[in-house]
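Notes follow the structure.
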Amino acid sequence: ETGVTQSPTHLIKTRGQQVTLRCSSQSGHNTVSWYQQALGQGPQFIFQYYREEENGRGNFPPRFSGLQFPNYSSELNVNALELDDSALYLCASSPGTSKVGELFFGEGSRLTVL
Amino acid sequence: GQNIDQPTEMTATEGAIVQINCTYQTSGFNGLFWYQQHAGEAPTFLSYNVLDGLEEKGRFSSFLSRSKGYSYLLLKELQMKDSASYLCAVRDRTGYSTLTFGKGTMLLVSP
């Protein structure tokens, strides 16, 4: 069973640029969520997608946007990058049938904004 | 809103037992999770509590008291590989996979 995979693993951008991060969810998982983890902090919820629709959003500005595709893979887009956007971006998937609803995380994409 | 508190760091020796506490204040509650995160790696699921009491899973156990807004993760027979950050997270009623995480407790296991 293939786990959650994310790309790229590391990237460096400058202020004002735009970035797209990609995620392939675990096989059979139809819900994907994105989290931002700053250094020394816990992950912070950005948004969640279920069947290609956003159905939950955390306290992030509109320049953070996303997509989920029919194969349940997902993208996170961040426009007008700011220095504070430097963080590890984690994608997590979960099966719709799980009673517990635990999240399965990818290894993350580490974004540095200069 | 949600507020989750856990100690920043803890140290313990190999073979010992350690308890990591987590207190939370939430506007709704639909389960508490513990995740383990090794440096530079993805968080991995350890345990889930939604009812009061103790859940045991091998060397790891997790306890929940909803009336006190309190949980702990108990690690027995500590091994060097248990050195990691332990994240407490609460799910509220609004989202299936919407978790609010604490800042994590960095556990260092020494020989």
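Please treat every number below as a calculation from the coordinates, not as lab data. Being a predicted model, the structure only gives us computed values, none of them experimental. Glycine gets a Cβ as well: all are built from the backbone with ideal geometry, and neighbour counts include every protein chain shown.
Quick look at the values:
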| read-out | value |
| --- | --- |
| P(r) histogram, all alpha-carbon pairs of the stretch A:15-65 included - 5 Å bins from 0, percent | 4, 16, 24, 26, 19, 8, 2, 0 |
| Cα gyration tensor shape of the protein assembly as shown, rounded if a/c is under 1.5, else prolate or oblate by comparing a/b with b/c | prolate |
| Relative exposure of A:11, A:114, judged by other C-beta atoms within 10 Å (fewest first) | A:114, A:11 |
| Additional length obtainable on full extension of the chain from residue A:53 to residue A:112, 0.36 nm per residue less Cα span | 18.4 nm |
| Longest site-free stretch - chain B; sites: GluC sites (Glu not before Pro), DSSP loop, at most 16 other Cβ within 10 Å | B:42-76 |
| Charge sum, other residues only, whose C-beta stays under 15 Å from residue B:61's C-beta, Lys/Arg counted +1 and Asp/Glu -1 | -2 |
| Linear extension gain, residue B:66 paired with residue B:25, 0.36 nm per residue minus alpha-carbon span | 13.8 nm |
| Largest-first principal axis extents, alpha carbons of chain A, Å | 41, 24, 23 |
| P(r), alpha carbons of the stretch A:52-114 - 5 Å bins starting at zero, rounded % | 4, 13, 22, 27, 19, 10, 5, 2, 0 |
| Per-pair calculated FRET efficiency, R0 = 25 Å: residue A:41 and residue B:13 via Cβ, rounded to 0.05 | 0.35 |
| Shielding by partners - mean other protein chain Cβ count within 10 Å, residues of B:36-48 | 4 |
| Loop sites in the stretch A:1-97: GluC sites (Glu not before Pro), DSSP, at most 10 other Cβ within 10 Å | A:1 |
| Sparse-neighbourhood loop sites, trypsin sites (Lys or Arg not before Pro) in the stretch A:57-114 - DSSP loop, at most 11 other Cβ within 10 angstrom | A:99 |
| Two-decimal Rg to Rh for chain B - Kirkwood Rh, Cα set | 0.96 |
| Residue-averaged beta-carbon neighbours from other chains (10 angstrom radius) around A:46-58 | 2 |
